[in-house]
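Below is one structure, written out as structure tokens; the observations come after it.
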Amino acid sequence: MARQRLSRDQSRRQTRERLLTAAAQVFAEQGFNGASVEDIATAAGYSKGAVYSNFDSKEDLFLALIDQYLAVELEKLGDGLDLSLWEAEFERDLTENRTLNLLTVEFFLYAMRNESARQKLAQRYRVAYEVLAKLLAQHYQQAHLPQPMSAQHLAWAITSMGTGLFLQTCLDPEAVPERMYMTALKRILYGNGEPNAT
């Protein structure tokens, strides 16, 4: 049976997906700064031209990977404020997602020195903070709990705490107190008290 020929759009999507898969691998092995467009193209089985026909630059290719990651994370947030799931996600960030998170930190540093990348990255995280803020506001309203600060401030505080704790745990995992993420998260969300349910 003859294989069905892909349409132009299907072929383009397939090429893009293969390039993203190869980019994730090459970035993981060489870091953002160390990886080259040629390395990524070779790993995907394409020419550099295929990369540039789908992405404007190595920077945009990496941002597309961040888009994928944020889309998955934001979809999970749609399930509601389940702190046990959030703790499990943090543990995955330290294991399964560790390389991507370290690469993201590397890209943060790159973006701070490159205005175009900084603006693109900041815009993506603004969207994520807004989604998280709406979820938090909804949670407090439905649970009839007082908010310790505005939902927007809470979103920033939670994200910043998670990022900082991730870095500290990567640096010195044995020094981090057990269940530090959950302890800090509950303190930010509920102050000294705790809700009846997570």
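List of remarks:
- Unit charges at the beta carbon, dipole of the range 99-190: most positive-side option, Val176, Tyr190, Ser116: Ser116
- Stretched out straight at 0.36 nm per residue, the stretch from Ile188 to Glu38 would grow longer than its current Cα-Cα span by 49.5 nm.
- Size of charge dipole - the range 58-190 - debye, nearest 20, with Cβ of Lys, Arg +1 and Asp, Glu -1, no other charges: 440
- Helical content of the chain, expressed as a calculated mean residue ellipticity at 222 nm, amounts to -25500 deg cm²/dmol (DSSP H runs of 4 or more residues, -39,500 (n - 2.57) each, divided by residue number, nearest 500).
- For the chain, the calculated P(r) over all alpha carbon pairs, in 5 Å bins from 0 to the bin holding the longest distance, is 1, 6, 13, 16, 16, 14, 11, 8, 6, 4, 2, 1, 0, 0 percent.
- Simple spin-label estimate for His153 and Arg18 in nanometres, 7 Å along Cα-Cβ: 5.2
- Translational D in µm²/s for the range 29-70 (Stokes-Einstein at 10 °C, 1.306 mPa s, Kirkwood Rh from C-alpha pairs): 150
- Helix 151-171 axis, angle to the chain major axis (alpha carbon atoms, nearest 10°): 70
- Projecting the Cα atoms of Leu165, Leu63, Gly45 onto the charge dipole of the chain, computed from C-beta unit charges around the Cα centre, puts Gly45 farthest toward the positive end.
- Principal-axis tilt of helix 180-190 within the chain, Cα atoms, nearest 10 degrees: 60
Every number in this text was worked out from the coordinates using simple rules, so none of it is lab data. What you see is a predicted model, and the numbers here were worked out from it, not measured in a lab. In this analysis, Cβ positions are derived from the backbone assuming ideal geometry, glycine residues included, and neighbour counts consider all displayed protein chains.
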